[in-house]
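Step one of this worksheet: look at the structure below.
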Protein chains: 2
Amino acid sequence: MHPNLIEYIKRYVSITEAEIAIFQTYLHSKKIKKKEFLLKEGQFCKSRYFIIKGCVRLFHFDNKGNEQIIHFGIDNWWITEYESLINQIPSQLNIQAVENTELLELPEAYFDELCEKVPIIERLFRKIMEKTYIAIQKRIEYIYSLSGEEQFRFFIDANPEFTQRVPQYMIASYLGMSPEFVSKVKAKIK
Amino acid sequence: MHPNLIEYIKRYVSITEAEIAIFQTYLHSKKIKKKEFLLKEGQFCKSRYFIIKGCVRLFHFDNKGNEQIIHFGIDNWWITEYESLINQIPSQLNIQAVENTELLELPEAYFDELCEKVPIIERLFRKIMEKTYIAIQKRIEYIYSLSGEEQFRFFIDANPEFTQRVPQYMIASYLGMSPEFVSKVKAKIK
């Protein structure tokens, strides 16, 4: 198994070499090029993905036809479109590579089987979901309690890597701001 | 075990009578009166709670001193403050009863032990977290893609019970709107 994923797992649970070896047999390597889609609106999301290296964005088009980025995934993050994956419905979101991206794909069709063979994986994903939930709840708090400028400052302080790697107009879209507003705030910060 | 919780569990996983009986031994009944706090800012959140009947709200005060409701919990929902519970840090949020509320308390100190005895509980909570995450991600989508009026209409269509049970100023706070704005939209709808 890729050392990044082993290290990641061990941050959440205790796992044996034998369990890692079984987990490994359920994972497939995948590479997508910058701008390539991992999932398109209308398709069924059938896997969870661990990003070894790269960056992807989950986005949809709002009713005015504007791209709205829901979230990003970067090195050492799991990414998927949960609504499509769990409810087995067509995805309303797209997942597209922002950079050339190397992933490990964990097909949902074998997820329960894997958890039965290696029960600690169930705990791993329960804990991942809890952390992911904490992060998104914080985001709701900030949307309502911080000004646009404060939100932008907070985002770049908390995610310095994104600010280097992701085009500014995408960060603006993620934060629900216009690119012009973000430019103005950036100029002010400098 | 309370029939509401049994029914709830069976929506997510297959569970035996024997497993339910063990789960039951980890749960404690709790009643809180309207306006009573289940958790106050600064305290450590130490349990997950299943609401049998009633309504609670999770809120904090923003930096202008305004109450911001992060979310509600109502009959047949699990509620907790995940950041405090999982990271074992003082809570930044309050949990307070909006109505007299009957709960089942599942102390986190015994959660791992319960999951070891009844592994299906781990799956149950993984699945609950996934559903909860889907709901909060939808909320982010709506915040950015719908107008205030559309958000309010969507909320009352999706949650008709809340609209009956929760004071209007709390719904306004949850949606990040002023009570005056919500009154105006409600008048328009009528």
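The values are calculated or read from the model by the stated rules, or taken from the named source; none is laboratory data. Values in this document were obtained by computation on a predicted structure and should not be read as measured data. Note: ideal-geometry Cβ built from the backbone for every residue, glycine included; neighbour counts use all protein chains shown. Quick note on the areas: whole protein, heavy atoms, side chains included, nothing else; ligands and nucleic acids left out. Shrake-Rupley method; radii C 1.70, N 1.55, O 1.52, S 1.80 Å.
For chain A, what is the accessible area per residue in Å², given a 1.4 Å probe and the full set of protein chains?
Working: 9020 Å² over 190 residues.
Accessible area per residue: 47 Å².
From the label point of B:Leu146, set 7 Å along Cα to the beta carbon, how far off in nm is each other copy's matching point, shortest first?
2.5
Find the relative contact order for the stretch A:3-118 and round it to a whole percent, using C-alpha pairs within less than 8 Å whose residues are 6+ positions apart.
Once divided by the residue count of the stretch A:3-118, the mean separation gives 38 percent.
Checking the table A:Lys31/A:Lys53; B:Lys30/B:Lys53; A:Lys46/B:Lys127; B:Lys33/B:Lys131 against a 19 Å threshold on Cα-Cα, which pairs fail?
In this structure, B:Lys33/B:Lys131 exceed 19 Å between Cα atoms.
Could you calculate the contour length gain from A:Glu67 to A:Leu146, that is, 0.36 nm times the residue separation minus the distance between their Cα atoms, to one decimal place in nm?
Additional length available on full extension: 26.2 nm.
Picking from A:Leu104, A:Leu146, A:Leu93, which is most flexible by a Gaussian network model of chain A using Cα springs under 10 Å?
With Cα springs under 10 Å in chain A, the top fluctuation among A:Leu104, A:Leu146, A:Leu93 is at A:Leu146.
So the label point sits 7 Å from Cα along the Cα-to-Cβ vector; using that for B:Lys33, what distances do you get to the other copies, in nanometres, sorted shortest first?
So the distances to the same position in the other copies read 6.9 nm.
Can you give the net charge of the other residues whose Cβ lies under 14 Å from the Cβ of A:Ile70, counting K and R as +1 and D and E as -1?
Details: positive: A:Arg57, A:Arg139, B:Lys138, B:Arg139; negative: A:Glu41, A:Asp62, A:Glu67, A:Glu81, A:Glu83, B:Glu141.
Local net charge: -2.
Distance from a point 7 Å along Cα→Cβ of A:Glu116 to each backbone N in the stretch B:91-120: keep the residues under 18 Å and list them by number.
Once the point is set 7 Å along Cα→Cβ of A:Glu116, B:118-120 turn out to lie under 18 Å by backbone N, inside the stretch B:91-120.
Under a 10 Å cutoff between Cα atoms, tell me which one of A:Ile79, A:Ile156, A:Ile52 has the largest fluctuation in the Gaussian network model of chain A.
For chain A, modelled as a Gaussian network with Cα springs under 10 Å, the answer is A:Ile156.
Give me the net charge for the shell around B:Lys131: Cβ to Cβ below 12 angstrom, other residues only, Lys and Arg +1, Asp and Glu -1.
Residues close to B:Lys131 contribute a combined charge of +2.
Picking from A:Gln92, A:Gln68, A:Gln137, which is most flexible by a Gaussian network model of chain A using Cα springs under 10 Å?
A:Gln137
Could you compute the net charge surrounding A:Ile51? Neighbours are other residues with a C-beta less than 13 Å from the C-beta of A:Ile51; K and R count +1, D and E count -1.
Result for the neighbourhood of A:Ile51: +1.
Per residue of the stretch B:64-77, in order, report the coupling 6.51 cos²θ - 1.76 cosθ + 1.60 (Karplus, θ = phi - 60°) as ³J(HN,Hα) in whole Hz, putting x for Gly and Pro.
With the stated coefficients, the stretch B:64-77 comes to 9, x, 7, 5, 10, 7, 8, 7, 10, x, 9, 2, 6, 10 Hz.
Hey, how many Å between the Cα centroid of the stretch B:86-117 and the Cα centroid of the stretch A:136-190?
Going from one Cα centre to the other spans 33 Å.
Rounded to the nearest 0.05, what FRET efficiency do A:Asp157 and B:Glu7 give with R0 = 51 Å and r taken as the Cβ-Cβ distance? Could you check?
Taking R0 as 51 Å, the efficiency between A:Asp157 and B:Glu7 is 0.70.
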